[in-house]
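Peer 1: Take this structure, written in structure tokens, and hold onto it; I'll ask about it next.
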Amino acid sequence: MSPVILTVVIASLAYTTPKEMAFSRLLPAAPALAAAMWPVLPTVLLGTVCLFLMIGLGIVFPGLGTWWTAAGIVAVTVAAAYGSHARLQRERTLFQVRLVADAAQQVVLSRMPRRFRDVEIEALYLAAAAEARIGGDFYEVVETPDGVRLLIGDVRGKGLPAVGSAAAMVNSFREAAYDEPDLGSIARRLEASSSRYSASFPPEDLMETFATALLVEIPHEGGRIEVLNCGHPPPLLLNHGQLRVLEPTSPSPLLNLADLIGDRYSIDTFGFAPGDQLLLYTDGVSEARNRNGEFFPLAAWMRQQPAAAPRELLDALHRDLLHYNREGLNDDIAALAVRWCEPSEPPGVREDRPA
């Protein structure tokens, strides 16, 4: 309604003030404003109303220069109608692009179930670009006969090659998680998929062709987790207020670099008890900076979190990241929060355990 309000304000001032002040010359601003938010026909109608208002003002105040202002209203209205039409065309194009982006997001980042038997998992994804839906960060969770297997990673690079590489690895993981007996075999499948995808692009189209990844397996019987880290930020495990950074005992090669540094993958085993909270994340979380250039203190932040459901943990992380970095995200962010629940505990219920 702002174009209508602007028209009413200008007309009121023009009728109630001396003609020397010539507020009527501002009437062309109303259809110009309407072009930014209205369709073509309402924009033209508002310009017509402004034209008749100007004619009425010319009758009330002779010598106002009515015809010059009226000509300006007509010219601005015609230009505003064209601008409104062009804007609507761009909006339709953007809508179609967003539909494609949403479809791509469903391929790369599937909707996350909240509960896999006694394992509760939630996901967080934030794109650094305001209009983006997906980027180079990816994650996936699959329930297999061997347990729940998780993947989170980050493709180094920008644009469609990075998104395509992420999609290739996620799709490969969805199949390999069911077929392969251990995390090392899954990592080799991901390595092969990443290499084949990169080979389909000319070298000049891929500035960086590698990716970091973290694979986690939670057996159905519980009590432990297995972690394979391919150059990814280490996950955090919070157990009754005690924080543990799950660093790998031996480094594993980044994906798409095994041909250069070998394909020896190291799997580490850690304890995982009911009520434990596990946070998997990409470097967009740990490397978020404030105005002073200081990194987000993720470990200290995690240590202060109460025993909460994964959704509550990620909501708090989302809120605190945006508060810490008020200038906006510089990188995509992906995170998975995992908690081993008691068999009788409903999903999303907070545990009454001492921190």
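The values are calculated or read from the model by the stated rules, or taken from the named source; none is laboratory data. Being a predicted model, the structure only gives us computed values, none of them experimental. Every residue, glycine as well, gets a Cβ built from its backbone with ideal geometry; the counts of neighbours run over all protein chains shown.
Peer 1: Return the pair list, or none, for Cβ contacts closer than 9 Å from residues in the range 242-253 that are over 19 Å from residue 281 (Cβ atoms) to residues that are surrounded by fewer than 14 Cβ atoms within 10 Å (Cβ to Cβ) and among the basic types (Lys, Arg), at least 6 apart or on different chains.
Peer 2: Listed by first residue and then by second, the contacts come to 250/264; 253/264.
Peer 1: For the range 216-261, enumerate the residues that are farther than 28 Å from residue 307 by Cα, of a type in the set (A, V, I, L, M) and crowded, with 19+ Cβ neighbours inside 10 Å.
Peer 2: Matches in the range 216-261: 254, 255, 258.
Peer 1: Checking residue 247 against (1) closer than 21 Å to residue 144 by Cα; (2) in a loop (DSSP other than H, G, I, E, B); (3) within 28 Å of the chain's Cα centre (by Cα): exactly one of these is not met. Which one?
Peer 2: Status for residue 247: all satisfied but (1).
Peer 1: Condition first: closer than 22 Å to residue 220 by Cβ and under 30 Å from the mean Cα position of the chain (by Cα). Now tell me which residues in the range 273-287 satisfy that.
Peer 2: Within the range 273-287, the first condition is being closer than 22 Å to residue 220 by Cβ, and the residues that meet it are 273-280.
Within the range 273-287, 275, 276, 277, 278, 279, 280 qualify.
Peer 1: Does residue 253 satisfy the condition of being within 27 Å of residue 144 (Cβ to Cβ) and over 25 Å from the mean Cα position of the chain (by Cα)? Explain how you work it out, then say what you get.
Peer 2: On the way: within 27 Å of residue 144 (Cβ to Cβ): yes; over 25 Å from the mean Cα position of the chain (by Cα): yes.
Yes, satisfied.
Peer 1: Could I ask something else about it? Going through the range 96-151 one residue at a time, which ones are farther than 26 Å from residue 186 by Cβ, touching a strand residue (DSSP E or B) at 6+ places or on another chain (Cβ under 9 Å) and at pLDDT 75 or above?
Peer 2: 126
Peer 1: Does residue 272 count as of a type in the set (A, V, I, L, M, F, W, C) and either free of Cβ contacts under 8 Å to residues at least 40 places away in the same chain or over 28 Å from residue 118 (Cα atoms) (or both)?
Peer 2: Working: of a type in the set (A, V, I, L, M, F, W, C): yes; either free of Cβ contacts under 8 Å to residues at least 40 places away in the same chain or over 28 Å from residue 118 (Cα atoms) (or both): no.
Criteria not met by residue 272.
Peer 1: Working only within the range 283-305, note down all residues that are within 19 Å of residue 232 (Cα to Cα) and touching a residue at least 60 places away in the same chain (Cβ under 8 Å).
Peer 2: 283, 284, 298, 299, 302
Peer 1: If you don't mind, there's one more thing I want to ask. Would you mention how many residues in the range 290-310 are within 19 Å of residue 341 (Cα to Cα) and part of a loop (DSSP other than H, G, I, E, B)?
Peer 2: So the answer is 5.
Peer 1: Here's a follow-up. If you take the residues in the range 262-288 that are of a type in the set (Asp, Glu) and touching a Phe, Trp or Tyr at 6+ places or on another chain (Cβ under 7 Å), which one is surrounded by the most Cβ atoms within 10 Å (Cβ to Cβ)? Walk me through how you get there before you give the answer.
Peer 2: Going through the range 262-288, the residues of a type in the set (Asp, Glu) turn out to be 263, 268, 276, 283, 287.
Going one step further and asking which of them are touching a Phe, Trp or Tyr at 6+ places or on another chain (Cβ under 7 Å), we end up with 276, 287.
Numbers: 276: 20, 287: 14.
Of everything passing the filter in the range 262-288, 276 is surrounded by the most Cβ atoms within 10 Å (Cβ to Cβ).
Peer 1: Determine whether residue 58 is of a type in the set (Gly, Ala, Ser), part of a helix (DSSP H, G or I) and free of Cβ contacts under 8 Å to residues at least 24 places away in the same chain.
Peer 2: Numbers: of a type in the set (Gly, Ala, Ser): yes; part of a helix (DSSP H, G or I): yes; free of Cβ contacts under 8 Å to residues at least 24 places away in the same chain: yes.
It is true that residue 58 is of a type in the set (Gly, Ala, Ser), part of a helix (DSSP H, G or I) and free of Cβ contacts under 8 Å to residues at least 24 places away in the same chain.
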